[in-house]
Amino acid sequence: TQLEVDLRRAFQENELEMYYQPLMEVKTGKIKGYESLLRWRRGENDVLLPAEFIEIAEDTGLIVPLGEWIIRTAIAEAATWPDHITVAINLSPTQMKNPSLISTVINALATNALDPARVEFEITESVLLEESEINIKTLHVLRDLGVKIALDDFGTGFSSLNYLRAFPFDKIKIDKCFVTELETRADCRAIIRAVMCLANDLGMRTTAEGIENQNQINILKAQGCDEMQGFLFSRPISGKLLPRKDETAQ
Ligand code: G
Ligand code: G
Ligand code: MN
Ligand code: NA
């Protein structure tokens, strides 16, 4: 398709860029890390979101070289940040299945001398749905490198509590659809409370996504949420705008 042709050209011509959105630690109120999010910059004022092209990348296999570039870029970027700041990287099902994933991660960490504990991979439940045996093995290999693994968009899709038994995730990211309706719907509050309780008992941290107002913060704080992410704190921003290690050391 035309979109596929355009996307391949965009990738070759460096029109793809990583943006970063802060993850706020509730306990300290400080930025704990950033989630890296892909953007396609088509000219000055035209930035495409992944929703418009990530499926094409996935379906055509372009996600593999693109995903390797994302991993290298996000890890190189994180190495320029102050020492305690972490980076979260989204991994698609096709990337998970790719045999070169592990070596890409090892090489990126080594090249940039980045502590693996500062890297977190976000996977969705679909990764556990397809070829789950292989994917779970891959998750263990990644974890053995010292990186963290988060379960993203939790509560959407084919959500099953069984997935929480399939792998000991470091973190559960509660999908923004629950946060959005937190104030108006008692069922959303109940679901979030239950997920936090579950995560806590399983030794997993929780991140709530899609925070857009103070009232949501108050409710989530009371429920014991570990981390928050959302437009209220910051939209995803270009990596060029983030603080460097040397700047903050002064
Ligand atoms: O940035 P935005 O919130 O529009 O991203 C929407 C979704 O696109 C994310 O939830 C994620 O699933 C996917 N996505 C964004 N960036 C990346 C990326 O770097 N790699 C992969 N595989 N998916 C991404
Ligand atoms: O990886 P995942 O599919 O969860 O990607 C997160 C997406 O959520 C990104 O595309 C990001 O732009 C979006 N997002 C982040 N914070 C907010 C928010 O506060 N409100 C809304 N509507 N979207 C958000
Ligand atoms: Mn994510
Ligand atoms: Na998410």
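Of note, residue 59 does not satisfy the criterion of being more than 10 Å from ligand 1 (Cβ to nearest atom), out of contact with any helix residue (DSSP H, G or I) (no Cβ under 9 Å at 6 or more places or on another chain), acidic (Asp, Glu) and not in a loop (DSSP other than H, G, I, E, B). Of the residues making up region 189-206, not a single one is loosely packed, with under 13 Cβ neighbours inside 10 Å, under 30 Å from residue 109 (Cβ atoms) and within 17 Å of the chain's Cα centre (by Cα). Annotation: of all residues in region 97-155 being in a helix (DSSP H, G or I) and among the basic types (Lys, Arg), the one that is nearest to ligand 1 (Cβ to nearest atom) is 97. What residue, of 192, 172, is in a helix (DSSP H, G or I), within 16 Å of ligand 4 (Cβ to nearest atom) and of a type in the set (A, V, I, L, M)? The match here is 192. Is there a residue in region 38-56 that is buried (at least 16 other Cβ atoms within 10 Å of the Cβ), in contact with a Gly (Cβ under 9 Å, 6 or more places away or on another chain) and not acidic (Asp, Glu)? No - not one qualifying residue is present in region 38-56. Scanning region 153-184 for residues that are farther than 11 Å from residue 210 by Cα and at pLDDT 95 or above gives 169, 170, 171, 172.
Summed over region 16-57, the residues that are aliphatic (A, V, I, L, M), over 25 Å from residue 3 (Cβ atoms) and away from ligand 3 (no atom under 16 Å from the Cβ) give a count of 2.
The values are calculated or read from the model by the stated rules, or taken from the named source; none is laboratory data. Small disclaimer: the values here were computed from a predicted structure and weren't measured. As a convention, Cβ positions derive from the backbone with ideal geometry for all residues, glycine included, and neighbour counts pool all protein chains shown.
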